[in-house]
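**Student:** The structure that follows is given in the form of structure tokens.
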Amino acid sequence: MNTSITELFGIQYPILNAGMGRVAFPNMVAAVSNAGGLGVYGAGSNPPEVTRAAIREIRSLTDKPFGANAPLALPNGMANAKVLLEEKVPVINYSMGKGDWIVKAAHAYGGKVVASVNDVKLALRAEAHGCDAVIAAGHEAAGHAGEVTTFVLIPRLAELLKIPVIAAGGVANGAGLVAALALGAGGVSMGTRFWTTQEGPMHENFKNKAVELDVQDTIFSDRFDGIPCRQMKTAAAERMVNAKMLNVLEIFLNSFTIAKELNIPWLKLATSTLSMGPRHVESMMRMSQMLKMHGLTMSSGDLDKGMTASGQSVGLVHDLPSIAQLMQAIIAEAEAVQRRLAGQVPTPVQGGSADSRVHMSSQHQA
Ligand SMILES: Cc1cc2nc3c(=O)[nH]c(=O)nc-3n(C[C@H](O)[C@H](O)[C@H](O)COP(=O)(O)O)c2cc1C
């Protein structure tokens, strides 16, 4: 499995975990990297000192290449990106912002930079800014997905860009990996499939729920945090999108807890949010509610009040393996699919698995 992405990062398999804030902790990152992929830490809106400690912990758990994600538009986002540069993280993945300054500084120490994008315009900008690759999230993806599906976005970016494209959104197994490579991607990044593992920090209730859910059980709306975003369909998520107005009192009270968690003085958080204008204020208010619900996904496992980002690929999750088992299963399935596509294995055309659909197409070609 040598691809532009295995070459770029010096890894065995072209598989990354998404740098999920508050989810992709050092143990997940090390497990993915130790299994031959690229583990990516999620700095989210952590206080910068938490991010620094996490990067050092990752280095104590693996000597393999790893990456870290910083969403630049979130509180602490820029400060976290600076920490990643100071710690000389091998692969910096930024999202929600402009990262030309990160590219310049990372390249100076030999680091690689990958921008997360969800449309053609952002991908072209990332290439113009000197990024080494992009992670392109199609409409199926968890979190801030775009309008265009992975099946269309990836081949279009492969036509347009000179840098490698990593496909995100809708990928959860070996067939998805092979399909992404066929569309022109150099690798895949998976979020939902990686949090539904033994290392995923979500409460068992949510992991078991994910196994039960099907491909239609997510909600895509801009009412979660002001930007179109995909979340698991839970009662809380449905209440949030259907609410006539924001609960401003609850948000105000919640803001004190958030300021403490982010280690930012409340007044500074409030004034910096207010200074960004009314649209951003509403977005931050919504995000604060969402973060509270995400917290419940981790701690109490309250299926009524909790909520988490989840892609349509949740319908492809049927078990809760360890990351080492998952990586082995994905590679084994990808190799089987490749053999079948190459016509090496004569197969029946029965059944509804991804593999049998591959047999059908190869028989038609024959
Ligand atoms: C729980 C969760 C948290 C996420 N947090 C982040 C984040 O902090 N930064 C980011 O750039 N993307 C984040 N994402 C989006 C992923 O980077 C990725 O685009 C998405 O998971 C791909 O779709 P999939 O879940 O179907 O694999 C998150 C996704 C999930 C599931």
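The values are calculated or read from the model by the stated rules, or taken from the named source; none is laboratory data. What you see is a predicted model; the values in this text were computed from it and never measured. Accessible surface is based on the protein model in full, side chains and every heavy atom, while ligands, DNA and RNA are left aside. Shrake-Rupley method; radii C 1.70, N 1.55, O 1.52, S 1.80 Å.
**Student:** Give me the accessible area of HIS139, 1.4 Å probe, in Å² rounded to the nearest 10.
**Tutor:** Spelled out: HIS139, probe radius 1.4 Å, area about 50 Å².
**Student:** Now a separate question. Considering Cα pairs under 8 angstrom that are at least six residues apart, work out the relative contact order of the chain and quote it in whole percent.
**Tutor:** 15 percent
**Student:** In vacuo Debye scattering of region 113-233, one point per C-alpha: log10 I(q)/I(0) at q = 0.18 Å⁻¹?
**Tutor:** At q = 0.18 Å⁻¹ the computed log10 ratios are -0.94.
**Student:** For region 4-195, compute Rh as the Kirkwood radius over C-alpha pairs and then the Stokes-Einstein diffusion coefficient at 25 °C and 0.890 mPa s; write the answer in µm²/s, rounded to an integer.
**Tutor:** 154 µm²/s
**Student:** Now a separate question. Hey, what angle do you get for helix 278-298 against the long axis of the chain, alpha-carbon based, 0 to 90 degrees rounded to 10?
**Tutor:** 70 degrees
**Student:** What percent antiparallel are the DSSP beta bridges of the chain, to the nearest 5?
**Tutor:** Close to 20 percent.
**Student:** How are the alpha carbon pair distances in the chain distributed across 20 Å bins from zero to the largest one, expressed in percent?
**Tutor:** That works out to 30, 59, 10, 0, in percent per bin.
**Student:** Filter LYS88/LYS260; LYS207/LYS260; LYS88/LYS305; LYS82/LYS305 down to the pairs with a C-alpha to C-alpha distance above 30 Å, please.
**Tutor:** LYS88/LYS305; LYS82/LYS305
**Student:** Turning to a different aspect of this structure: Express in % the proportion of alpha carbon pairs of region 163-250 at distances exceeding 16 Å.
**Tutor:** Cα-Cα pairs of region 163-250 separated by over 16 Å account for 65 percent.
**Student:** Report in % the part of the accessible area of the chain that belongs to carbon and sulfur, leaving out ligands and nucleic acids; probe 1.4 Å.
**Tutor:** Within the chain, the accessible surface is 57 percent carbon and sulfur.
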